[in-house]
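Notes for the one structure printed next.
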Amino acid sequence: MDFAIDTLDLKGPQIGFNGGIIYEGTGNNRRVMQKKPIGFHVAKSLVESVCKKFPDISLSFYDENHWYAEGIDNGIELESAITGQTPTIVNFHNLLQGNLDVYKIMIVIFDEETMQSLIQYLNNKGEETVVIQRSGKNHLEITNSQAIKANGIKYVLATEHIDVESIYAFGDGHNDIPTFELVGHPVAMDNAVADLKRHTEFITGNNDDGGVGEFIKKLV
């Protein structure tokens, strides 16, 4: 997120990893205000068990400053194209011998049957300290159960003394539904999943055609 924050010269609090971390500033000047990582042993168990059970899927995860993957596959290439970031290539087993704060486990799957099998597998594990959310057709994200976007927004609203009715929120995936239920004016992207569009007040252009900017120009 740093490139956008610096380009726009944003000074207020930022919400990362679906609410897993709230901070101000970028790079070496970043000041963390709140963090909710996945418990290390839970993260380790999930990464290892999913990789063993579903060896052909694309799994990667994040700490505060790094994106970790074991290799470059179609899912990693897709995420790199979206974010412009390059993962740190590591051996998960070796990395997870030491303690680190894992904020998000990200899985990219292009086959819906495999996606549903993985979701069922994860739900059957009954791990109550994490939340499993789809963030689009191909993305599945695992975060701390308290790390949802709506909770991050509640924190910012309280600390910045902002009225929820004055808030516009943009989204495109299932993990944006709690946010849309919270804010005064939810705005779905044109390419958003159908479930999200049922919770929206406005629909703007898609992600690839500057839909957010298009709506803001109309608003102001």
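The values are calculated or read from the model by the stated rules, or taken from the named source; none is laboratory data. Keep in mind it's a predicted model, so treat the numbers as computed, not measured. Glycine also receives a Cβ, built like all others from the backbone with ideal geometry; neighbour counts cover every protein chain displayed. Calculation scope for accessible area: heavy atoms of the full protein, side chains included, ligands and nucleic acids excluded. Shrake-Rupley method; radii C 1.70, N 1.55, O 1.52, S 1.80 Å.
Couple of notes before you dig in:
- Electrostatic dipole magnitude of the stretch 132-193 [Cβ: Lys, Arg +1; Asp, Glu -1; Cα centre; debye, to 20]: 240
- Compared with the dominant principal axis of the Cα atoms in the chain, helix 74-83 is inclined by about 30°.
- Taking a ≥ b ≥ c as the square roots of the eigenvalues of the alpha-carbon gyration tensor, the stretch 153-220 is classed oblate because a/c is 1.5 or more while a/b is no larger than b/c.
- Projecting the Cα atoms of Phe54, Ile76, Leu100 onto the charge dipole of the stretch 50-100, computed from C-beta unit charges around the Cα centre, puts Phe54 farthest toward the positive end.
- Electrostatic dipole magnitude of the chain [Cβ: Lys, Arg +1; Asp, Glu -1; Cα centre; debye, to 20]: 540
- The mean sequence separation of alpha-carbon pairs under 8 Å and at least six residues apart, normalised by the residue count of the stretch 109-220, gives a relative contact order of 17 percent.
- Antiparallel bridges, percent of DSSP beta bridges restricted to the chain (to nearest 5): 75
- Taking the chain as a Gaussian network of alpha-carbon nodes connected by springs under 10 Å, the highest mean-square fluctuation of the residues Asp172, Asp190, Asp111 belongs to Asp111.
- Each principal axis of the Cα atoms in the chain has its own extent, and those three values, largest first, are 50, 40, 32 angstrom.
- Axis angle, to the nearest 10 degrees, between helix 149-160 and the longest C-alpha principal axis of the chain: 50 degrees.
- Anisotropy class assigned to the stretch 33-149 is rounded, per the alpha carbon gyration tensor with a/c under the 1.5 cut-off.
- Rounded if a/c under 1.5, otherwise prolate or oblate - the stretch 71-121, Cα gyration tensor axes: oblate
- Sequence-separation-based contact order of the chain, relative, with Cα cut under 8 Å and 6+ spacing, percent: 16
- Probe 1.4 Å, protein heavy atoms only - accessible area per residue of the chain in square angstrom: 54
- Stretch in the chain that is longest and holds no GluC sites (Glu not before Pro) that DSSP places in a loop and that have at most 13 other beta carbons within 10 Å: 1-127
- Nearest-ten-degree value, helix 112-125 long axis tilted from longest Cα axis of the chain: 80
- Lys/Arg +1, Asp/Glu -1 at C-beta; the chain dipole; positive extreme among His185, His41, Thr7: His41
- Accessible surface of the chain [probe 1.4 Å, protein heavy atoms]: carbon and sulfur percent: 48
- Rounded to whole Å, sorted largest first: equivalent-ellipsoid semi-axes of the stretch 19-98, Cα gyration tensor: 24, 18, 11
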